[in-house]
Every structure is written in C-alpha cells, then in structure tokens.
Amino acid sequence: MSNLEVGIVGLPNVGKSTLFNAITKAGAEAANYPFCTIEPNVGVVAVPDGRLKVLTDLYHSKKTTPASVRFVDIAGLVKGASKGEGLGNKFLEHIRQVDAVAHVVRCFESTDITHVEGAVDPLRDIEIIETELCLADLEAIEKRMAKVTKLMKSGSKEAKAEHMALERLKSALDEGKSAREVELSIEEQATLRDLNLLTRKPILYIANVAEDEAATADTENLYVQTVKKYAARTGAEVVTISARLEEEIAELDAEEVTAFLEDLGFAESGLDRLIHGAFSLLGLQTFLTAGEDECRAWTITRGTTAPRAAGKIHTDFERGFIRAEIVNYDDLVSLGSVAAARDKGLVRLEGKDYIMRDGDVVNFRFNV
C-alpha cells in the first residue's frame, strides 16, 4: 500500500465539501445547492503522529516526512443517479481506486440548508447511496461477464471459474446486498481485484452534526445513534464530526487548535479521529525510520513482514533484504539513542519472518 486513499461520498448538502475544505484547507466549492462539485476535489493531508517530532529533535533531522492520506471528494449523488438523475453516477469512477469509502451522513437539522430528500433521515440517506454504489457495481460486473462469456466459449477453465464468482456477486447485488457480503476465495479475489468494486471497499460513516452538538452528539444525538446501530450490523466504523467546526479549526494555528480543542473537551480534532478511524478500519499501522537526513513515517498493513516493509522504502531493500535492526520507539526515546538502547540489549536484529509492529524504529540492512 502506498499512501492511504479515501473517497468521500454522500448526498448533496450533507457537508461533504465543507468537510473536505476543512481537512485539506483546499477551498473546494461548498455551495448550498446540489451539483456544484463536478470534477473531483483531491487533497492530501498528513497523518497525525507526535512521535515524528520527538525523533526529529532526537536525530536533528533535516527533513520530517509524515505518512499521508489522500482524500477524493466527488459530486453529491442523488436517488436515480445510475439512471442519469442529477449529474449521474459517472463520478463514481473517480473513487474506484481508493482504499476505503467515507460516507458523510447528515445528522443535523437546519432551516438554512435544504435537504434534497426534504427531511433529515440518516438511514434513508445511507440506503440511497448504498443503492447507487450497488447499481454502479452491477454495471461493472455485467460488462465483465460479457467479456468472460466469450472466453468461456473457447473452453477456458479460468473463465468458467471467474464467471461463477461474477454470478454470485451479481445475485447479491440484485438483492440489494453489497459485494462485501459475498465470500470469495483468495484466487477469486485476485482475479476480480481490478474490478475495484465500490461495495467491496471498507466503509467509514461520518456522522456530520451541528457545531453546538459536537461535544455531546456521540451520546445525545439520536440520528448518530441510528447510524452507529446500522454500522455495527454491517461491520463499518463511525466517526462523529461537525464539518463546520472542523472548518473553523482549519483556520487556526497549532497552538490555538490545542487550546480550542481543550475548551471543547476533545483530545483530538475530527480530522485526526477520521484518519485514525480509517487506519483502524483498514488494519493499518506505522513504522518509522530516523536519521540526520530524514525522519519518516511509513504506512503498512498489520501482519506485514520485515522484507515487505523494507520494500515500501525501495524495491531494492526488499530484493536484497538481509535483516532489520529494530528498536522500540518508547525504548529509544527513554534512553536517548540507539547506542544506549543497544547497550541495554534493546536493539534487535530480525530476519525475513519478523512481523512488523506499530512504532518500530527500523534500519534495514540489504545487499543488491
């Protein structure tokens, strides 16, 4: 996995573009009428990680490079988008390649902001978007099936196996289920990976609440409770955010943000919670490299071996992997240097089978 990529979807006027503005400070248009976003807005933000500053100071690094998340915000979908309503569903192609889908759901009342469906109802909104994603996937599957059917005529066993998997997916989508609910073997997953089915991607619901409800919404907002119950049944994650509040936070400098969040009783901003939610959903973790030239965070999936992690830095590192010299972040910081950690026997030399842990500070040894 390179940098984490998240696609933002939702109905018009649910706060998608306001949230995007806030988290990327990119100034994407956010108007109070449907269909103002035509081209996708793309913004890249740093993954919050306090360990980087500590290591940068410790090593006097010339450069600090955090891990990052790429957000892709597409036009608001409406009921019937697959049939060409609104701007249609062609914009969904912009998020086919993302790792996860963040679905912004409106959980606030407002007389100033019209709701395209007339009233606030998170479950109905979720259903509309899910249906449109299902229909877009169905279209992709039917196109693929037409190609595979031709190959089957030549007697290809692989084509026959693929066709059977596609049939199971089509059947589920026809019933209004997501592709996530269809069990596929490892071989089938590999064969169909390039389809990039939207309803197979992990989903994170963003419950967008009013500014004055931000501190209490998790426990007191009934709309949020409804979204959480739905997510629990489907294995999704939920992050409660006030997009308007995040927009205000985006205008502050670092010190002001800390004070502002403390006043509200928050340990971290909504953006930080959104990123951590996405990491949790996708089973991601971070390892660190540190030195005089650069201190850097790298994103990997849990269960990644040392050679695969080395390959994140450069393919030569994986190809010529010898071993990884690893020290735990907390041990390194408390002792002040790798040399001191080595004296205490806390620097480990790990081989090809080592499974990386979050917070490993690594120096890879390789020979090409």
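The values are calculated or read from the model by the stated rules, or taken from the named source; none is laboratory data. The structure presented is a predicted model; accordingly, all values stated were derived computationally and were not measured. Note that each Cβ is placed from the backbone with ideal geometry, even for glycine, and that neighbours are counted across all protein chains shown. With ligands, DNA and RNA removed, areas are computed over all heavy atoms of the protein, side chains included. Shrake-Rupley method; radii C 1.70, N 1.55, O 1.52, S 1.80 Å.
Count neighbours as other Cβ atoms within 10 Å of each site's Cβ, and list the trypsin sites (Lys or Arg not before Pro) in the stretch 271-368 that are DSSP loop with at most 15 such neighbours. Intermediate results must be reported in sequence, preceding the final value.
On the way: sites: R273, R296, R302, R308, K312, R319, R323, R342, K344, R348, K352, R357, R365; in loops: R302, K344, K352, R357.
Those that pass, being in a loop and sparsely packed, are R302, K344, K352, R357.
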Over the stretch 132-202, what is the relative contact order in percent, taking alpha-carbon pairs closer than 8 angstrom and at least six residues apart? 41
Tell me the relative contact order for the chain as a rounded percent, counting alpha carbon contacts under 8 Å between residues six or more apart. 19
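Would you list the membrane-span-like helices of the chain, meaning whole DSSP H runs whose alpha-carbon atoms span at least 20 Å along their axis and whose mean Kyte-Doolittle value is at least -0.5?
On the way: long enough: 122-152 (44 Å, 0.15); 157-174 (26 Å, -0.76).
Membrane-span-like by this criterion, though nothing is claimed about a membrane: 122-152.
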When the gyration tensor of the chain is built from Cα positions, what are the square roots of 5 times its three eigenvalues, in whole Å, from largest to smallest? 38, 31, 16
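Gain in length, R365 to V44, computed as 0.36 nm per residue apart minus the alpha-carbon separation, to one decimal in nm? Mind dumping the intermediate values first?
Numbers: separation 321, 0.36 × 321 = 115.56 nm, distance 3.11 nm.
Taking 0.36 nm per residue and subtracting the Cα distance, the gain is 112.5 nm.
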Charge dipole of the chain about the Cα centre (unit charges at C-beta), most positive-ward option of L52, I275, T286: T286
Please give the per residue accessible area of the stretch 207-326, computed with a probe of 1.4 Å over protein heavy atoms only, in Å². 49
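Loop-only GluC sites (Glu not before Pro) in the stretch 208-254, please: DSSP not H, G, I, E or B, and at most 10 other Cβ atoms within 10 Å.
E251
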With all protein chains present, the stretch 192-290 has a carbon and sulfur share of its accessible area (1.4 Å probe) in percent of 48
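Just for the chain, what percent of DSSP beta bridges are antiparallel, to the closest 5? Provide the component values of the computation, followed by the final result.
Details: 25 of 49 bridges.
Rounded to the nearest five, the antiparallel share is 50 percent.
Can you tell me which of 125-135, 140-150 comes out highest on packing, and rank the rest after it, using the mean Cβ neighbours within 10 Å?
Details: 125-135: 21.0, 140-150: 14.3.
Output ranking for 125-135, 140-150: 125-135, 140-150.
Using a 1.4 angstrom probe on the protein heavy atoms only, could you order S61, S334, S171 from most to least accessible area? Intermediate results must be reported in sequence, preceding the final value.
Working: S61 20, S334 90, S171 55 Å².
Output order, biggest surface exposure first: S334, S171, S61.
Hey, got the dipole for the chain? About the Cα centre, +1 on K and R Cβ, -1 on D and E Cβ, debye to the nearest 20? Could you put the intermediate results ahead of the total?
Numbers: 44 positive and 60 negative charges, 433 e Å.
Roughly 2080 debye for the chain.
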With a point put 7 Å past each Cα toward its Cβ, work out how far N328 is from D112 in nm, to one decimal. 5.0
Rounded to whole Hz, the Karplus (6.51, -1.76, 1.60) HN-Hα couplings of the stretch 93-104, x for glycine and proline: 4, 5, 10, 4, 8, 6, 7, 8, 10, 9, 9, 7
Per-residue SASA entry for R124, accessible area with 1.4 Å probe, Å² rounded to 10: 60
